[in-house]
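Enquirer: Submitted below is the structure of interest, expressed as C-alpha cells.
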Amino acid sequence: MDGNVLPSKLLNRLSKAADVVRSHDFVQVFSHYDADGLSAASIIANVLLREGKEFRVTTFTTLDEDSMQEIRNCDYDCMIITDLGASYIPEIEALEKDVVVLDHHTVQSDSEKICYANPHLVGIDGSFGACGATMAFLFAITVNEKNWDLVQIAFGGITGDKQHIKGVTGLNTYLLEEGVKRGYITTSEGSLIPPGPISRSLYYSTEPYIRGITGNQAGVDKLLQDAKIAADKTSLDFTNDEKRKLSSLIAVKLTEQGVSVDSMTELSRTRYYLRDWKMDAESLAELLDACGRTMTQGVGIAMCLGSKDDLLRAMELRDEYNRSIMEASVKLDNDGLKHMRNMQCFDSTETGFTGILCGIIMRYIGDPSKPTIGLNTAEDRIKVSGRATYKQLDRGIDLAVALKDATKTVGGEGGGHSIASGGSIPLGTSEEFLNNLDTILGSQISSAR
C-alpha cells in the first residue's frame, strides 16, 4: 500500500486488522446484501481463501437489533463486518471478540477497542469517496499486495453504490489509478444507449427508463425504425452514425418526459471495463445486485470466487430481476406518486424493489427537485428507502439525518448517506412518519438558505 497516498491513520488500522485476522484459523464474515456488500464480502472471501483460512459469510438486508442479536450469538472468536457496523459500534465493542469493521456509512462513534476502518474517520466522505468494497479491498492489499486483481470486484461495489456517477473521488481514485496502471481496468466513454442486444435492452431498460419505450415492444420497434437500426443488432455493432442517431432520439424522449440534463449527463458517464471479467463494472454490479435482491447472495459470492456455473446462474437471475424492475417501474409510472410539500413518495408493498424504484423515480419519472421516499410493508415493520440528487444536497437536503430523526419520532430507526438512506418504522405509523419527514426536510432547506 502507498503510504504517500493513503492516510496513515487508515493504514495503521488496516495493518492491525490484518494482523488480527492472521492470528485466527476461522473467520465469520457479516455483510450487507446489496452489490456493494456482496462485493466487499467476496473480496474478503477471496483473501481468506488465499490465506488458507476457513470462513463463513452471512448477509443481512440491514443491520438492526435482530441482526445484531445474530452477531451476538455467533460462537466464533474472529469476525469481519463489511458495509455495515457504523451505527452499532458500542454494541460491537461489547462482544469481547476480535472484530474488524470495514464500513463507509456515517460515523456515530469511533473505536480503539476493535479494528474499525471508515473513510469518515480520516476526513473522506463515505457517500462518494469510498464504499464498503473500497474498504474491503484496502484491507485485502494490506494482507497481501498480490491481491490487486480484486480491484475489479471492488469496482462492482463502487459502481453498485453509484459512487462513480460524478467521477471517482477520494480513496476510489487510488483504486482506479492503480487498477488502470496494473492493467486490470480500462476506461471508456459512456452513452445514453443501454448495452447489449438493442431491441431487448431497450425493452427492459430502466437506466434510462424511457416512457413509451421501456416495457413497450411496439415503441421499441418504432424507435429503431426511426433510427434505421436493425432490431437484431447489439450496441457494440453500431456505426458512429447509428450511435449518434439513436442517442439523439433517446435524448429527445427523455427531455419530453422531463428528465434533467444532469441525469442525462450522468447516464453518459465513464465506463470501467474489467479485464478478467470481460464486462464493465456496472454490469458486474448488476449481477451482484440481482443476486442480493433475489436473496441468492451465495450465488454472487461463489461467482466472485470463480465459479462459472454461478456466473451463468447470476446472469439468469439478472434477466429475471430486470424484468421485474421494468414491470414495477411501468406500473409506478402509470399509478403516479403522492406529492408532499418537500418530497414525493410511493408504496411498493405490492411490487417490492423500493430502493431501486426510488432511484428510477428520482431520475426519470418524478419531480427532480424533491427527494423520493418509498415504503414497503413487511410482516412486522415498514421498510423505508429514500433517494436525493446532488442538486438537492446543495439545497441543504441530508437524507441520512432526516431519516434518522423522522424514524425515531415513531419508534423506528434509520440512517445511511446524505444522498441515499433507509430505515424501518412500526406498522401503522406511516402517515405520521411521512408528515414528520416532510417537516424535517423543509427545515433542512430553510436552514440552508
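Enquirer: Under 5 Å between amide H atoms, partner at least 5 residues away or on a different chain: which partners does residue 98 have, H built in plane at 1.01 Å?
Expert: 79
Enquirer: A further question on this structure: Got a sec? Charge dipole of the chain, +1 on Cβ for Lys and Arg, -1 for Asp and Glu; which of 231, 206, 33 is way out at the positive end?
Expert: 231
Enquirer: Hey, another quick one. Among the trypsin sites (Lys or Arg not before Pro) in segment 54-141, which ones are in a DSSP loop with at most 10 other Cβ atoms within 10 Å of the Cβ? Mind listing them? Walk me through the numbers on the way to the answer.
Expert: Details: sites: 56, 72, 97, 113; in loops: 97, 113.
The qualifying sites: there are none.
Enquirer: Determine, for 55, 137, 128, the number of other Cβ atoms within 10 Å of each Cβ, and report the residues in order from fewest to most. Before the final figure, lay out the partial values.
Expert: On the way: 55 21, 137 33, 128 24.
Placing the least packed residue first, the sequence is 55, 128, 137.
Enquirer: Quick one: if the Förster radius is 51 Å, what FRET efficiency do residue 334 and residue 9 give, using the C-beta to C-beta distance and rounding to 0.05? Provide the component values of the computation, followed by the final result.
Expert: Numbers: r = 51 Å, r/R0 = 1.01.
Working from the Cβ atoms, E equals 0.50.
Enquirer: Out of segment 21-107, which GluC sites (Glu not before Pro) are coil in DSSP terms and have no more than 10 other C-beta atoms within 10 Å?
Expert: On the way: sites: 51, 54, 65, 70, 91, 93, 96; in loops: 51, 96.
Passing both the DSSP loop test and the Cβ count: 96.
Enquirer: Right, something else. Residue separation times 0.36 nm, minus the C-alpha to C-alpha distance between residue 222 and residue 241: what's the value? Mind showing how you got there, number by number?
Expert: Values: separation 19, 0.36 × 19 = 6.84 nm, distance 1.80 nm.
Computed gain between residue 222 and residue 241 is 5.0 nm.
Enquirer: To continue, here is another question. Using C-alpha positions alone, give me the convex hull volume of segment 1-71 per residue in cubic angstrom.
Expert: Working: hull volume 8.2 nm³, N = 71.
Convex hull of Cα atoms, per residue: 116 Å³.
Enquirer: Something else about it: Explain nothing, just compute: Karplus ³J(HN,Hα) = 6.51 cos²θ - 1.76 cosθ + 1.60, θ = phi - 60°, for every residue of segment 413-419 in order, whole Hz, x for Gly and Pro.
Expert: For segment 413-419, the Karplus curve yields 8, x, x, x, 10, 4, 9 Hz.
Enquirer: Anything in the chain that counts as a DSSP H helix reaching 20 Å or more along its axis (C-alpha) with Kyte-Doolittle mean of at least -0.5? List them, would you?
Expert: On the way: long enough: 8-22 (21 Å, -0.13); 35-50 (22 Å, 1.14); 240-256 (24 Å, -0.62); 308-335 (40 Å, -1.00); 430-448 (27 Å, -0.02).
Length and hydropathy pass: 8-22, 35-50, 430-448.
Enquirer: Further question: Report the full-extension gain for the segment residue 279 to residue 74: residue separation times 0.36 nm, less the Cα-Cα distance, to one decimal in nm.
Expert: Values: separation 205, 0.36 × 205 = 73.80 nm, distance 3.71 nm.
Separation in residues times 0.36 nm, less the Cα-Cα distance, equals 70.1 nm.
Enquirer: Right, something else. List the residues of segment 170-213 whose backbone N lies under 19 Å from a point placed 7 Å from the Cα of residue 146 along the Cα-to-Cβ direction.
Expert: Under cut-off, by backbone N: 182-184.
Enquirer: Right, another one. In the chain, what percentage of the DSSP-assigned beta bridges are antiparallel, given to the nearest 5? Write out the running numbers ahead of the final one.
Expert: On the way: 27 of 50 bridges.
Here the share of antiparallel DSSP bridges comes out near 55 percent.
Enquirer: What does the convex hull of the alpha-carbon atoms of segment 166-230 project to on average, in nm²?
Expert: The Cα convex hull of segment 166-230, projected and averaged over all directions, gives 6.0 nm².
Enquirer: Using DSSP to define loop residues, name the GluC sites (Glu not before Pro) in segment 373-449 whose beta-carbon has at most 11 other beta-carbon atoms within 10 Å.
Expert: Values: sites: 379, 413, 431, 432; in loops: 379.
Those that pass, being in a loop and sparsely packed, are 379.
Enquirer: What is segment 336-448 by shape, rounded, prolate or oblate, if you read a ≥ b ≥ c off the alpha carbon gyration tensor as root eigenvalues and call it rounded for a/c under 1.5, prolate for a/b larger than b/c, and oblate otherwise?
Expert: On the way: a/c = 1.70, a/b = 1.20, b/c = 1.43.
Since a/c reaches 1.5 but b/c is at least a/b, the shape of segment 336-448 is classed as oblate.
Enquirer: Assuming 0.36 nm per residue, please report the length gained on full extension of the stretch residue 449 to residue 91 beyond their Cα-Cα distance. Don't skip to the end; give the middle numbers.
Expert: On the way: separation 358, 0.36 × 358 = 128.88 nm, distance 3.78 nm.
Gain in length upon complete extension: 125.1 nm.
Enquirer: Sticking with this structure for a sec: Looking at this model, which pairs from 113/162; 9/404; 181/278 are more than 20 angstrom apart at the alpha-carbon?
Expert: Violating the 20 Å Cα-Cα cut-off are 113/162; 9/404.
Enquirer: Residues of segment 176-193 with backbone nitrogen within less than 19 Å of a virtual label 7 Å along the Cα-to-Cβ line of residue 255, please, listed as ranges.
Expert: From segment 176-193, the list is 191-193.
Enquirer: Describe numerically, in nm with one decimal, the distance between label points set 7 Å from Cα along Cα→Cβ at residue 231 and at residue 180.
Expert: 4.0
Enquirer: If you don't mind, another one. How would 32, 120, 104, 339 line up from fewest to most surrounding beta-carbon atoms within 10 angstrom?
Expert: Numbers: 32 27, 120 19, 104 34, 339 12.
The order, fewest Cβ neighbours first, is 339, 120, 32, 104.
Enquirer: Please state the shape class of the chain: rounded when a/c is under 1.5, otherwise prolate if a/b exceeds b/c and oblate if not, all from the C-alpha gyration tensor. Mind showing how you got there, number by number?
Expert: Working: a/c = 1.75, a/b = 1.24, b/c = 1.42.
Since a/c reaches 1.5 but b/c is at least a/b, the shape of the chain is classed as oblate.
Enquirer: Output needed for segment 198-267: three equivalent-ellipsoid semi-axes, defined as square roots of 5 times the C-alpha gyration tensor eigenvalues, in descending order, whole Å.
Expert: Details: eigenvalues 67, 40, 22 Å².
The three semi-axes for segment 198-267 are 18, 14, 11 Å.
Enquirer: Can you sort 275, 449, 381 so the residue with the fewest Cβ neighbours within 10 Å comes first? Walk me through the intermediate numbers first.
Expert: Numbers: 275 13, 449 6, 381 19.
By the 10 Å Cβ count, ascending, the order reads 449, 275, 381.
Enquirer: Any idea how far apart residue 107 and residue 248 come out in nm if each label point goes 7 Å out from Cα toward Cβ?
Expert: 5.2
Enquirer: What is segment 8-184 by shape, rounded, prolate or oblate, if you read a ≥ b ≥ c off the alpha carbon gyration tensor as root eigenvalues and call it rounded for a/c under 1.5, prolate for a/b larger than b/c, and oblate otherwise? Walk me through the intermediate numbers first.
Expert: Numbers: a/c = 1.57, a/b = 1.30, b/c = 1.21.
In terms of gyration-tensor shape, prolate.
FYI, it's all coordinate maths here, none of it is from the lab. Small disclaimer: the values here were computed from a predicted structure and weren't measured. Every residue, glycine as well, gets a Cβ built from its backbone with ideal geometry; the counts of neighbours run over all protein chains shown.
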